[in-house]
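Here is the structure we will look at, set down as structure tokens.
The values are calculated or read from the model by the stated rules, or taken from the named source; none is laboratory data. A quick note: this is a predicted structure, and the numbers were derived from the prediction, not measured. Using ideal geometry, Cβ is built from the backbone for each residue, glycine included, and neighbour counts are taken over all protein chains shown. Note: accessible area is taken over every heavy atom of the protein model, side chains too, but ligands, DNA and RNA are not part of it. Shrake-Rupley method; radii C 1.70, N 1.55, O 1.52, S 1.80 Å.
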Amino acid sequence: MIRDITIGQYYSTDSLIHRLDPRVKLVGTLCYIISLFLINNWPGYIIATAFLFMVIALSRVPVKFMVRGLRAIVLLLIIAGVVNLFFTPGEELWAWKKLSITKEGITMASTMVLRLIFLIMGSSIMTLTTTPNNLTDGLEKGLSFLKIFKAPVHEMAMMMSIALRFIPILLEETDKIMKAQIARGADFESKNLIKKAKALVPLLVPLFVSAFRRANDLALAMEARCYRGGDGRTKMKPLIYKKADAAAYLVILLYMIACIYFGRIFKF
Amino acid sequence: MSIILDHVCHTYESGTDLKSDALKDVSFKIEDGEFVGLIGHTGSGKSTLVQHLNGLLKPTSGNIYFDGADINDSDYDRKNLRRQVGLVFQYPEHQLFEADVFSDVSFGPKNMGFDKKEAELTAYSALEMVGIPHDLFYVSPFDLSGGQKRRVAIAGVLAMKPRVLVLDEPTAGLDPAGRDEILSLIKKLHDENKITVILVSHSMEDVANYVDRIIVMNDGSVYLDDTPRNVFSHYRELESIGLSAPAVTYILGALQNKGFNVDTNATTIDEALHTILHALKA
Ligand SMILES: Nc1ncnc2c1ncn2[C@@H]1O[C@H](COP(=O)(O)OP(=O)(O)OP(=O)(O)O)[C@@H](O)[C@H]1O
Ligand SMILES: [Mg+2]
């Protein structure tokens with residue numbers, strides 16, 4: 001039932017992108033997102049598209065998986081496209097009553113939709129090629145400079161990885177409790193809004209109880225293994241930059257320069 | 001008045017890379033008043049199978065008939081089915097939610113359209129049946145012990161007055177005393193109220209003393225379907241699929257090898273005692 005929801009799904013395979021240091025991928029994703037908002041002409045978009053497809057090809061993740069992430073924002077894409085297409089003022093090409101399509105509208109709508117698609121695809125490459133644990137490790141190390149300002153970086157990263165780990169468990173639990181209550185005649189499909197809200201009580205109460213129980217058990221298990229926060233804690237697999245990571249940083253840098261030069265400054 | 005499974009298959013997540021065939025061509029018939037044990041190694045599809053019996057899962061292919069009607073017909077009254085076929089899930093105490101024990105148990109009957117008085121009456125008798133003392137009726141279910149919670153959860157299903165009771169590993173995580181209590185309670189329900197019982201377990205010991213028939217599942221299909229006596233006589237095959245016969249089967253086998261004239265088909269401790277005494281007297 002509820003298992004169809006996938007958040008930050010990891011696609012397990014071996015590729016150049018999978019092996020990269022998570023920090024590189026985090027920086028790369030951030031740069032890519034920034035670049036999408038920097039470029040404002042068609043050569044820029046060609047570069048961004050080429051870069052995206054190069055990375056997808058290198059990651060060996062089937063394009064099918066990338067597109068799956070887009071399904072969630074189809075509605076958003078349609079709205080963004082339609083609103084921009086019909087309501088951007090400018091040189092009119094077609095008009096009917098109050099609706100009009102302008103040249104600027106077409107440009108606006110297509111760039112908006114492209115940006116959104118690239119945004120989702122770009123960030124899903126990161127989650128598809130990095131395990132959640134690796135990702136939080138990367139975040140922890142990448143943000144460790146914040147420790148000077150006494151920010152609890154390790155604790156935040158730990159919380160994040162536990163939260164990610166709990167998502168599938170809680171979804172499964174929800175599914176189980178739902179079934180158990182349906183077996184006792186609960187009706188989760190009622191159209192009536194009040195009935196619908198009432199039907200959630202037998203689902204949410206056991207779910208919260210179970211979440212607290214699991215959190216308690218986990219805390220106990222961590223304490224039993226002498227977990228006491230991040231200070232002085234070493235890692236089994238410390239993150240160390242390799243040659244490929246340096247090369248990747250170089251590629252990202254070149255991409256950003258190309259984007260700024262051809263996508264913004266250079267006039268055709 | 002029977003449950004018939006006709007070539008039932010079930011595939012989880014079909015059409016994705018994660019697809020797994022949990023049930024493969026399962027067929028059997030359960031008559032009214034039977035006490036059936038459903039046994040299998042972990043992951044053999046027991047829980048998947050029992051969720052088909054009250055229509056929580058739909059078979060990918062095949063049909064299920066309850067009293068001669070196909071339960072997956074679009075106009076079949078599945079709510080009524082769920083009243084008739086009460087399903088107690090694994091760790092049922094995790095689904096308790098009400099502020100007190102009594103309201104939790106009356107949740108089922110109320111949903112099934114019993115009026116207030118009727119619902120309270122059936123809740124009351126269900127709680128009595130599972131042996132919850134009166135002074136616990138109005139405490140929070142979260143303040144009970146593990147075994148008590150489990151009884152309350154079972155009462156929650158019994159209160160709907162089902163004709164068929166399906167229990168998915170009702171003894172998981174209980175101590176031996178709690179296990180025996182729950183199992184004898186189920187036995188009593190079967191004998192006194194004449195309800196059909198399907199008991200899921202992965203322990204042969206659990207079911208040997210209670211059931212009339214054992215269905216052994218292996219990797220999604222029915223491996224054996226016979227009386228306990230006949231099933232345990234195949235204990236070598238059972239071992240090969242990760243199960244074992246009750247300890248008495250092994251003891252009697254060893255005794256026979258030492259030259260004692262014992263009946264190795266005995267399945268319960270009482271029967272074993274009987275045949276050993278008999279052999280010693282001779
Ligand atoms: N919701 C689900 N989604 C995908 N696969 C599932 C799901 N539930 C069960 N499975 C798979 O189906 C198979 C049968 O599982 P099932 O829960 O029916 O086994 P079981 O016999 O009840 O085991 P156990 O004794 O551990 O309770 C397993 O391989 C399991 O991985
Ligand atoms: Mg199970």
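Computed values, structure above
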| item | result |
| --- | --- |
| In the stretch B:118-164, the residues that are of a type in the set (Val, Ile, Thr) and over 25 Å from the mean Cα position of the chain (by Cα) | B:Val139 |
| Residue in the stretch B:173-187 that is within 13 Å of ligand 1 (Cβ to nearest atom) and either within 14 Å of chain A (Cβ to nearest Cβ) or of a type in the set (D, E, K, R) (or both) present | yes |
| Qualifying positions in the stretch B:198-215 - in contact with a helix residue (DSSP H, G or I) (Cβ under 6 Å, 6 or more places away or on another chain) and more than 26 Å from B:Leu273 (Cβ to Cβ) | B:Val200 |
| Unmet requirement for B:Asn63, which otherwise passes all of (1) over 19 Å from A:Ala180 (Cα atoms); (2) within 12 Å of ligand 2 (Cβ to nearest atom) | (2) |
| Pairs, first open to solvent by 40 Å² or more (accessible area, probe 1.4 Å) in the stretch A:159-174, second of a type in the set (S, T, N, Q), C-beta under 6 Å, six or more apart | A:Met160/A:Thr136 |
| Failed condition for B:Val139, given (1) within 9 Å of chain A (Cβ to nearest Cβ); (2) part of a loop (DSSP other than H, G, I, E, B) | (1) |
| Members of the stretch B:106-121 found to be facing chain A (nearest Cβ under 10 Å) and not in a loop (DSSP other than H, G, I, E, B), listed by number | B:Phe107, B:Gly108, B:Pro109, B:Lys110, B:Asn111 |
| Positions within the stretch B:21-50 being basic (Lys, Arg) and either within 16 Å of ligand 2 (Cβ to nearest atom) or closer than 17 Å to A:Lys176 by Cβ (or both), in sequence order | B:Lys46 |
| Residue check for A:Ser35: polar (S, T, N, Q), assigned to a helix (DSSP H, G or I) and closer than 30 Å to A:Ile240 by Cβ | yes |
| Those helices (runs of 4 or more DSSP H) lying entirely in the stretch A:73-143 with at least 2 residues touching a residue at least 60 places away in the same chain (Cβ under 8 Å) | A:103-129, A:132-142 |
| Scan of the stretch B:188-208 for residues that are within 16 Å of ligand 1 (Cβ to nearest atom), of a type outside the set (Asp, Glu) and in contact with a Pro (Cβ under 6 Å, 6 or more places away or on another chain), ordered by number | B:Met204 |
| Residue among B:Leu57, B:Leu87, B:Leu53 that alone is of a type in the set (A, V, I, L, M), in contact with a His (Cβ under 9 Å, 6 or more places away or on another chain) and within 16 Å of ligand 2 (Cβ to nearest atom) | B:Leu57 |
| Residues satisfying the stated conditions in the stretch A:206-237, i.e. within 30 Å of the chain's Cα centre (by Cα), within 24 Å of B:Leu96 (Cβ to Cβ) and either open to solvent by less than 50 Å² (accessible area, probe 1.4 Å) or among the hydrophobic types (A, V, I, L, M, F, W, C) (or both) | A:Pro206, A:Leu207, A:Phe208, A:Val209, A:Ser210, A:Ala211, A:Phe212, A:Ala215, A:Leu218, A:Ala219 |
| Residue within the stretch B:75-97 that is within 12 Å of chain A (Cβ to nearest Cβ) and small (Gly, Ala, Ser) present | yes |
| From B:Ser184, B:Ser103, residue being more than 16 Å from ligand 2 (Cβ to nearest atom), open to solvent by 10 Å² or more (accessible area, probe 1.4 Å) and more than 18 Å from the chain's Cα centre (by Cα) | B:Ser103 |
| Residues of the stretch A:173-193 satisfying the condition of being assigned to a helix (DSSP H, G or I), over 20 Å from B:Ala119 (Cβ atoms) and either within 11 Å of chain B (Cβ to nearest Cβ) or modelled with pLDDT under 85 (or both) | A:Glu173, A:Asp175, A:Lys176, A:Ile177, A:Met178, A:Lys179, A:Leu193 |
| Flag for A:Asn216 being at pLDDT 90 or above and more than 10 Å from every other protein chain (Cβ to nearest Cβ) | yes |
| Hey, B:Leu167 buried (at least 20 other Cβ atoms within 10 Å of the Cβ), away from chain A (no Cβ under 14 Å), at negative phi and within 15 Å of ligand 2 (Cβ to nearest atom) or not | no |
| Strands (runs of 3 or more DSSP E) completely within the stretch B:5-89 that count 2 or more residues being within 13 Å of ligand 1 (Cβ to nearest atom) and touching a residue at least 60 places away in the same chain (Cβ under 8 Å) | B:20-31, B:35-40 |
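Residues are listed down the side, and each one gets a yes or a no for (1) within 16 Å of ligand 2 (Cβ to nearest atom); (2) within 14 Å of chain A (Cβ to nearest Cβ); (3) open to solvent by 60 Å² or more (accessible area, probe 1.4 Å):
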residue	(1), (2), (3)
B:Tyr124	no, no, yes
B:Lys161	no, yes, yes
B:Asp191	no, no, yes
B:Ser201	yes, no, no
B:Asn209	no, no, yes
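Every residue, every condition in (1) basic (Lys, Arg); (2) surrounded by 14 or more Cβ atoms within 10 Å (Cβ to Cβ), yes or no:
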site	(1), (2)
A:Leu16	no, yes
A:Leu20	no, yes
A:Lys25	yes, yes
A:Ile79	no, no
A:Val83	no, yes
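Here is a yes/no grid of residues against (1) over 30 Å from the mean Cα position of the chain (by Cα); (2) in a loop (DSSP other than H, G, I, E, B); (3) away from every other protein chain (no Cβ under 14 Å); (4) surrounded by 10 or more Cβ atoms within 10 Å (Cβ to Cβ):
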{"site": "A:Leu200", "(1), (2), (3), (4)": "no, no, no, yes"}
{"site": "A:Leu204", "(1), (2), (3), (4)": "no, no, no, yes"}
{"site": "A:Leu239", "(1), (2), (3), (4)": "no, yes, yes, yes"}
{"site": "A:Asp245", "(1), (2), (3), (4)": "no, no, yes, yes"}
